[in-house]
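Scroll down for the structure; my scribbles are underneath it.
All of the numbers you see were taken from the coordinates with simple rules; none came from a lab. Computed from a predicted structure; not experimentally measured. Note that each Cβ is placed from the backbone with ideal geometry, even for glycine, and that neighbours are counted across all protein chains shown.
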Amino acid sequence: MSETNRLRRAGALPPWAVVGVLVLALAVLGLAAVFRGTEYDENYSVFVTGGIPRPDWPSTSFVPDSVAQPFVQRADQATILEAIRRTDVHPPLYFQLLGAWREVAGDRLVVLRLPSILATLGTLAVWMLIAARAGQSAVLTGLMLTFCYGFMSLGYVVRGYALAQFLIALSVLAAVTAWRQGRGAWVPAALAGLAGGLACLTNYLAVFPLAAVLGWLVLAAPGWPERGRRMLAAGLPFLSCMLLVAPVWLDQQKLAVSQSAGQFAPFSLADTLHRLLQFETASVLGGLPLYVQGMARSVAGTGLALLLGAIGLLTLWLWRGLGPLRWVWLLGGLAAPAGLVLLGALFGNAPVELRYLVLGLPFTAALIAVVAEAWQRRSPTAAAWGLGVLLLVQATGTAGMIWHPATRQPYRDMIAALRLELTPGTVVMVPFGQDGVGLVGSMLRELPGQQPVLVLRDGDAAAAPARAAGFDRLLLLGFGARDRASDRQWRSAAAKLREAPEWHRAGLVWQEQRGGSVEIFEQRVVN
């Protein structure tokens, strides 16, 4: 078979197989949207589109039903934009679209997650089309991306990651179309720049993988005059989008510096690279070490590291046979972690979290898929076994993403464990956290509507014994080191409650491996 025929056959789009991949992805996303509880960032998306980005929770006890306004209030587009400018460090496009969606669809969590699910399915479809145009297997690329833990774990949440992924995919599709067209491909080049600019209006970090895509688009042009024309065609719409968001970005910079100082650890190159390796492994292969305990956890972690290393070595071995787009896939996948290292060095902190790496995952999935194809041409049996092991590991990690509590944020699981303890005479003490949005908002959405609640701010956590005096029992919620501010507030309240003569600690009623816990305190009976 000639190379041209092989590429044409590899790049086919078999309709039923493509539909099968999309149905599989829809099942994963739908199950995650239903079974996974409220997530930290989702509250801000709702609050800012209601014009109340930082709700002023009562300082005395209250019940969730009495403070429902921030969860159901809607704001107009001008109010949303102003709230983002004053209180956020993210661009406005997703929030403005979400505000419009809420006007039509309402405020149920699953309904709010639907646009992200649709955007994620769109991203998968576009990347399968990209793979076909690049002459590689569309179905294998789609499967590889469907089972990337990081991609799917943020593919349903009420946040702008899924929309940014979709717009990046459109930019890549336009760039690949321009590459195939050759000379005079100014329209697809312009579309690549426009989609890339809109992606940056959705998530500022999209600029890193897009730099790789648009840079390749220009350099792949035949000759310098054509490169200049492509640069102009792609650059004008991209820079126009940047000029649109520039006033918002400039207003946000002071807030960005102050928030990152409290949110992230100080920058250390060695620690940052180590965390990046951990999160990249988890993003591609899943969280198997979280599903087991003891020695099995070390074995699982080592196994995943070895598997990722094997993929890297295989990529080096087969590099020259990976096709003309291998550099785009490689640089697009590396751009996100490299960008985080750059930001950390510039601002003196370590902004490394799994959600910040996901924008490069489709490039990584496309690269792994083409590596698997090249290996199959050399060693069909070994490649089949290797690919089977990889997909099995990824599928296990994806299943755990849906059902295993170690991969979920703890709010719904915590409330489910406390259901028998939640009575009118018991008050739930919730740390305020960094901003009163993520922790408090999640607990209020998950708690029964008439359950008494006290919010623990820095200034009043030490007064917890007196503030709960009107109740027979209290449940003190702790969230571990995942939120530094909440850990400080919890420690202050716990110390005072243990010292208070009118209260005694009755035990620990819930605890998770990541440090979250619930302690129960009861009023002492005075004879």
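Counted residue by residue at 0.36 nm each, then reduced by the alpha carbon distance between them, the extension gain from H274 to A462 reaches 64.0 nm. The fewest-to-most ranking of Y291, Y149 by surrounding Cβ atoms within 10 Å reads Y291, Y149.
You can think of it this way: the chain between A382 and R108 has 93.9 nm of extra reach, that is 0.36 nm per residue less the Cα-Cα gap. With each label modelled as a point 7 angstrom along the Cα→C-beta vector, the R320-R484 pair spans 5.0 nm.
Here the dipole of the range 411-523 is about 160 debye; that uses its Cα centre as origin and unit charges on the Cβ of Lys and Arg (positive) and Asp and Glu (negative). Cβ-to-Cβ counts within 10 Å put S283, S517 in ascending order as S517, S283, the fewest first. Which whole-angstrom value gives the distance between the alpha carbon centres of the range 313-351 and the range 30-77? Here the two parts' Cα centres lie 36 Å apart. Taking Lys and Arg as +1 and Asp and Glu as -1, the other residues whose beta-carbon sits under 12 Å from that of P115 total +3.
For the chain, the longest principal axis of the C-alpha atoms and the axis of helix 93-105 are separated by about 70°. A straight chain from F347 to A399 at 0.36 nm per residue would run longer than the Cα-Cα distance by 15.0 nm.
Which label marks the calculated value of semi-axes √(5λ) of the Cα gyration tensor in Å, given the options [x] 38, 27, 23; [y] 45, 26, 20; [z] 123, 53, 16? The calculated read-out lines up with [y]. Cβ crowding within 10 Å, taken as a proxy for footprinting-reagent exposure, orders W385, W179, W216 from fewest neighbours to most as W385, W216, W179. With both residues required to sit in the range 411-523, DSSP beta bridges show an antiparallel share near 65%.
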